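The values are calculated or read from the model by the stated rules, or taken from the named source; none is laboratory data. Note that this is a predicted model, so its numbers are computed, not measured. All Cβ positions, even for glycine, are placed from backbone atoms using ideal geometry, and neighbour counts span all protein chains on display. Surface accessibility is based on the protein's heavy atoms, side chains included, excluding ligands, DNA and RNA. Shrake-Rupley method; radii C 1.70, N 1.55, O 1.52, S 1.80 Å.
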Amino acid sequence: MPPSPFPTYLQMRERVPPQVWSAARVLGLAVATAVVIALFVAPPIGLFLFWGLIVPALPLLFFLAPGLWRNVCPMATLNQTPRRFGFTRALTMPKWFREYGFVIGVALFLVIVPARKIIFDDSGPALGALIIVCLAAAFAGGVLLKGKSGWCSTMCPLLPVQRLYGQTPFLTVRNAHCRPCVGCVKNCYDFNPAAAYMADLYDTDPHRSGYRKFFAAVFPGLIIGFYTVEAGLTRPALETYAQLASYLLLSAGLFYGLTVFLKVTAIKITTVYAAAALVLYYWFSLPLTADRVAGMFGISIPIEIVWVCQGAIAALGAVWTIRTFRKETPYVEQAIAPKPARVASGETLARLRAAPEPTSRT
């Protein structure tokens with residue numbers, strides 16, 4: 001039997017020893033601690049490390065090898081600490097949290113990103129306090145709920161970006177946290193990274209797929225608005241949020257308009273929007289990152305190097321888009337078509353939405 005194009009992590013070879021992952025997690029937590037301390041005692045250094053180095057690298061990491069980040073993320077490390085040492089209560093998510101956990105993560109992301117322009121870009125202590133709150137929330141979620149359902153796979157504000165960018169990883173890194181899998185969430189990315197996002201979009205619950213489509217729809221608008229709207233401590237926060245909201249509405253309006261008039265599947269339109277968001281982010285952020293490096297170290301980065309990096313990311317986004325498009329038909333054939341028959345090549349994808357996906361974890 002040929003290997004599945006969408007293997008679960010249980011079917012993947014374990015290439016990295018658990019001890020290496022443990023050491024990497026300790027290192028990641030140590031780095032996070034050092035950055036937080038720097039934000040309080042030496043804010044210029046802490047702000048440069050976080051906004052100038054860490055944050056610019058994360059979207060590309062989510063795009064290339066999201067599983068690597070999910071294995072070493074400091075928030076995930078704290079979230080899984082109660083489970084590892086046996087003092088988690090391992091409760092099952094309440095129904096309302098199972099329904100709206102992802103929505104909470106989206107809402108947190110949409111609130112925190114504009115707040116960066118208002119306060120977190122310039123205040124080390126404020127940013128340090130925000131990071132501490134997120135780390136504490138991740139730990140508390142691990143104490144209360146089973147698996148990763150208390151934070152990493154529900155309301156983490158980075159999860160919507162990870163799911164959107166990480167649906168077709170260039171390097172698939174096996175989940176090293178869940179030993180064993182406890183089935184804590186549905187369509188878990190850590191369980192099946194290649195198919196989890198498509199399972200969400202093909203889910204028979206229109207709300208579940210709708211939440212994912214909404215985030216994809218507003219994401220490019222958020223990026224454009226963030227880098228074009230002026231903000232600061234002297235400008236009313238509500239005015240900043242209102243202006244940014246107009247960008248989100250325009251972005252969402254275009255998304256749903258294209259969906260209706262071009263009659264494209266949800267996977268195709270969200271893929272295009274995800275690639276556009278990545279290219280836009282680095283189009284705006286790379287010159288600013290170069291300026292930060294120059295300001296901190298006095299090293300001037302030629303603009304030509306920035307252009308080459310921007311072009312390389314655009315090319316990467318195009319390749320990623322094609323690879324994601326090509327996954328849809330095999331996914332439909334394997335996950336939705338009746339066995340052992342295969343879907344006829346002329347059948348529309350829309351007719352197949354009603355059947356369950358084998359990647360679901362409830």
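Report, to the nearest whole %, how much of the accessible area of the range 256-295 belongs to carbon and sulfur atoms, 1.4 Å probe, protein only.
That fraction is 77 percent.
Assuming 0.890 mPa s and 25 °C, estimate D for the range 168-212 with Stokes-Einstein, Rh taken as the Kirkwood radius over Cα pairs, in µm²/s.
Calculated translational D: 212 µm²/s.
Gain in length, SER246 to LEU61, computed as 0.36 nm per residue apart minus the alpha-carbon separation, to one decimal in nm?
Answer, rounded to one decimal: 63.7 nm.
Excluding ligands and nucleic acids, what accessible area in Å² is computed for LEU53 using a 1.4 Å probe, to the nearest 10?
Counting only protein heavy atoms, the figure is 80 Å².
Can you count the Lys pairs in the chain with C-alpha separation below 26 Å, eight or more apart or on different chains?
Going through the chain pair by pair, I get 19.
Per residue, how much accessible area does the chain show when a 1.4 Å probe rolls over the protein heavy atoms, in square angstrom?
Heavy-atom SASA per residue in the chain reads 48 Å².
For the range 118-208, give the percent of accessible area contributed by carbon and sulfur heavy atoms, probe 1.4 Å, rounded to a whole number.
70 percent
With charges only on Cβ, +1 for K and R and -1 for D and E, what is the dipole size of the chain about its Cα centre, in debye, rounded to 20?
1220 debye
Take each of the peptides 235-248, 26-39, average the number of other beta-carbon atoms within 10 Å over its residues, and list them starting from the highest.
26-39, 235-248
Once you keep just the Cα pairs under 8 angstrom separated by 6 or more residues, what percentage relative contact order results for the chain?
Relative contact order for the chain comes out at 20 percent.
Report the semi-axes of the equivalent ellipsoid for the range 190-259 in whole Å, largest first, where each axis is √(5λ) for an eigenvalue λ of the Cα gyration tensor.
30, 14, 10
For the chain, count all C-alpha to C-alpha pairs, find those more than 28 Å apart, and express that count as a whole percent of the total.
The proportion of pairs with Cα distances above 28 Å equals 46 percent.
With the Cα gyration tensor of the range 207-337 giving a ≥ b ≥ c as the square roots of its eigenvalues, does the rule (a/c under 1.5 for rounded; else a/b larger than b/c for prolate; else oblate) give rounded, prolate or oblate?
Judged from the Cα gyration tensor, the range 207-337 comes out oblate (a/c at least 1.5, b/c at or above a/b).
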